Amino acid sequence: MKKLVIVPCYNESEAIVHTVREIEAKAPDFDYIVVNDCSTDGTRDLLLQNQIHFLDLPVNLGIGGAVQTGYLYAKENDYDVAVQVDGDGQHDPAFLPLMAERLAKEQADMVIGSRFIEKEGFQSTFARQMGIRYFTRLIRHVTGMTITDPTSGLRMVGRKLIAAFAEEYPKDYPEPESTVFALKNGSRVLEVPVVMRARQGGKSSISLNRSVYYMIKVSMAILVEGKRKHAGL
């Protein structure tokens with residue numbers, strides 16, 4: 001299979017080179033593309049200096065726009081599989097071969113790397129864990145499915161969802177909403193246990209001041225997505 005790692009990147013100069021080198025070392029049968037979302041901290045210079053493959057967005061699109069750009073690239077270049085690996089070093093590429101194996105073997109449309117199945121590695125802060133559990137319950141209410149790590153960015157999809165996400169993808173905090181989209185469209189979504197790390201540099205886009213907005217916005221998006229008419233993909 002032709003497989004692509006999408007690395008959304010905004011001001012990740014402290015971690016992006018190491019992240020790419022890990023992908024090359026631990027998942028050598030995957031191609032990769034870094035999507036530089038108008039970084040202002042010298043990230044672009046590092047990408048050029050280290051001869052890293054990247055797309056340079058002309059305006060800042062946010063995490064959703066950066067990831068969708070990666071899906072567009074995957075679709076246009078005829079990839080069978082695409083997986084998001086964040087540029088902050090939190091995701092370990094060592095799990096990518098296992099995720100690809102499960103995707104193919106179980107004929108899944110999406111495989112999510114969950115830190116909460118075996119509860120190893122970095123588990124996030126207590127406040128964020130409470131938020132994640134809330135979204136797990138909300139998604140179960142809307143779809144009938146239990147997703148233990150609905151905010152995980154470590155997500156692999158096949159051709160069907162590559163095409164769908166290339167056309168339509170949430171702008172802000174897209175993981176829970178796009179998971180609901182996949183489930184409501186009849187996609188097969190699986191989780192596999194992974195070990196995550198604390199971010200290796202940079203700052204999270206979800207600050208304390210934005211956490212209330214995040215909870216309200218994502219909750220409304222999940223509820224609206226759950227009510228939409230879905231014909232199936």
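If I ask for residues that are at pLDDT below 95 and in a helix (DSSP H, G or I), which ones from region 144-174 would you list?
Matches in region 144-174: Pro174 only.
Here is a yes/no grid of residues against (1) in contact (Cβ under 8 Å) with a residue 24 or more places away in the chain; (2) under 15 Å from the mean Cα position of the chain (by Cα); (3) under 18 Å from Ser219 (Cβ atoms):
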| site | (1), (2), (3) |
| --- | --- |
| Arg137 | no, no, yes |
| Val142 | yes, no, yes |
| Ile147 | yes, yes, yes |
| Leu161 | yes, yes, no |
| Glu167 | no, no, no |
| Lys171 | yes, yes, yes |
| Glu177 | yes, yes, yes |
| Leu183 | yes, no, yes |
| Val194 | yes, yes, no |
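Can you pull out the residues in region 19-68 that are open to solvent by 10 Å² or more (accessible area, probe 1.4 Å) and assigned to a strand (DSSP E or B)?
Across region 19-68, the qualifying residues are Asp31, Tyr32, Phe54, Leu55, Asp56.
Need the failing condition index for Lys119 against (1) surrounded by fewer than 16 Cβ atoms within 10 Å (Cβ to Cβ); (2) in contact with a strand residue (DSSP E or B) (Cβ under 8 Å, 6 or more places away or on another chain); (3) modelled with pLDDT under 95, just the number.
Evaluating Lys119 over (1) surrounded by fewer than 16 Cβ atoms within 10 Å (Cβ to Cβ); (2) in contact with a strand residue (DSSP E or B) (Cβ under 8 Å, 6 or more places away or on another chain); (3) modelled with pLDDT under 95 leaves (2) as the failure.
Can you tell me which residue in region 185-199 is modelled with the lowest pLDDT, limited to those that are under 23 Å from Ile117 (Cβ atoms) and not in a strand (DSSP E or B)?
Restricting to residues being under 23 Å from Ile117 (Cβ atoms) and not in a strand (DSSP E or B), the top hit is Arg199.
Within the set of pairs 6+ apart or on separate chains, which have a first residue in region 1-25 that is under 12 Å from Gln84 (Cα atoms), a second that is in a helix (DSSP H, G or I) and open to solvent by 20 Å² or more (accessible area, probe 1.4 Å), and C-beta atoms under 9 Å apart?
Listed by first residue and then by second, the contacts come to Leu4/Tyr73; Ile6/Thr69; Ile6/Tyr73; Pro8/Ile63; Pro8/Thr69.
The values are calculated or read from the model by the stated rules, or taken from the named source; none is laboratory data. Just so it is clear, the model here is predicted, and its values are computed rather than measured. Here Cβ is always computed from backbone atoms with ideal geometry, including for glycine, and neighbour counts include all displayed protein chains. Each accessible area value is taken on the protein alone, full model and side chains, heavy atoms only, with ligands, DNA and RNA left out. Shrake-Rupley method; radii C 1.70, N 1.55, O 1.52, S 1.80 Å.
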